[in-house]
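Structure record follows, encoded as structure tokens.
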Amino acid sequence: MRATSDMTLKLTAPTGLLPYRDWVRKELLDIARKAMVSMQSSGSSHLVYVTFVPDYPGVIVPECVREDYPRSATIFLRIGRKERVSIDLRHDALTAEVIFKGGQPSTITIPFKAMTVFLDRQRNVKIDLGQPPQVKRGNVIPLRKW
């Protein structure tokens, strides 16, 4: 893990006999998770950007997101006490009501493990999580296309 002057944390651990990359990714995910939990309980609204792998198991998004962004999608979320984003620590995911194509509101779920970047622009902090470990596909839960 390396911090640069603009507070970018990057996954730079070597690979080899010990799973350093997995350990560092887990710790960086924990930082992003703690930040969002803190934002959720704060009295103000926080704007964050989350990049994730749409076909990662447990991700629930409209099919149009998977079609338009098959490898990586970025959404921005307002997190705070009065916002429509919840952090579910029991399922290790965030759930949000967002609006995609056509203006229809949709409830999405993004497991923290599916995230590749967490960006808090208000505090100038970016956490580059790298790609999640390869997982067996087929557990994806798509929302019906509208």
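The values are calculated or read from the model by the stated rules, or taken from the named source; none is laboratory data. Fair warning: this is a prediction, and the values are worked out from it, not measured in the lab. Neighbour counts are summed over all protein chains in view; Cβ atoms, including those assigned to glycine, are modelled from backbone coordinates with ideal geometry. For the accessible areas, the whole protein counts, side chains as well, though only heavy atoms, and no ligand, DNA or RNA atoms are used. Shrake-Rupley method; radii C 1.70, N 1.55, O 1.52, S 1.80 Å.
Does the stretch 9-17 include one or more residues that are modelled with pLDDT of 90 or more, touching a strand residue (DSSP E or B) at 6+ places or on another chain (Cβ under 8 Å) and surrounded by fewer than 18 Cβ atoms within 10 Å (Cβ to Cβ)?
Checking the stretch 9-17: not a single residue is modelled with pLDDT of 90 or more, touching a strand residue (DSSP E or B) at 6+ places or on another chain (Cβ under 8 Å) and surrounded by fewer than 18 Cβ atoms within 10 Å (Cβ to Cβ).
Go through the stretch 81-127 and give me each residue that's under 21 Å from residue 22 (Cα atoms) and of a type in the set (Phe, Trp, Tyr).
Listed by number, the residues that qualify are 112, 118.
Do you know which of the residues in the stretch 119-145 that are modelled with pLDDT under 90 and in contact with a Ser or Thr (Cβ under 9 Å, 6 or more places away or on another chain) is nearest to residue 107 (Cα to Cα)?
If we take residues in the stretch 119-145 being modelled with pLDDT under 90 and in contact with a Ser or Thr (Cβ under 9 Å, 6 or more places away or on another chain), then 143 is nearest to residue 107 (Cα to Cα).
Check whether at least one residue in the stretch 65-74 is modelled with pLDDT of 90 or more, at negative phi and β-branched (Val, Ile, Thr), and report yes or no.
Among the residues of the stretch 65-74, at least one is modelled with pLDDT of 90 or more, at negative phi and β-branched (Val, Ile, Thr), which makes the answer yes.
When residues of the stretch 39-61 are filtered for being under 25 Å from residue 121 (Cβ atoms), out of contact with any Pro (no Cβ under 7 Å at 6 or more places or on another chain) and of a type outside the set (Gly, Ala, Ser), how many remain?
Total meeting the criteria: 9.
Could you tell me whether the stretch 59-81 includes any residue that is under 18 Å from residue 131 (Cβ atoms), touching a helix residue (DSSP H, G or I) at 6+ places or on another chain (Cβ under 7 Å) and touching a residue at least 24 places away in the same chain (Cβ under 8 Å)?
There is at least one residue in the stretch 59-81 that is under 18 Å from residue 131 (Cβ atoms), touching a helix residue (DSSP H, G or I) at 6+ places or on another chain (Cβ under 7 Å) and touching a residue at least 24 places away in the same chain (Cβ under 8 Å).
Checking the structure you have, find out if any residue of the stretch 37-51 is closer than 21 Å to residue 132 by Cβ, touching a residue at least 12 places away in the same chain (Cβ under 8 Å), touching a helix residue (DSSP H, G or I) at 6+ places or on another chain (Cβ under 6 Å) and open to solvent by less than 70 Å² (accessible area, probe 1.4 Å).
no
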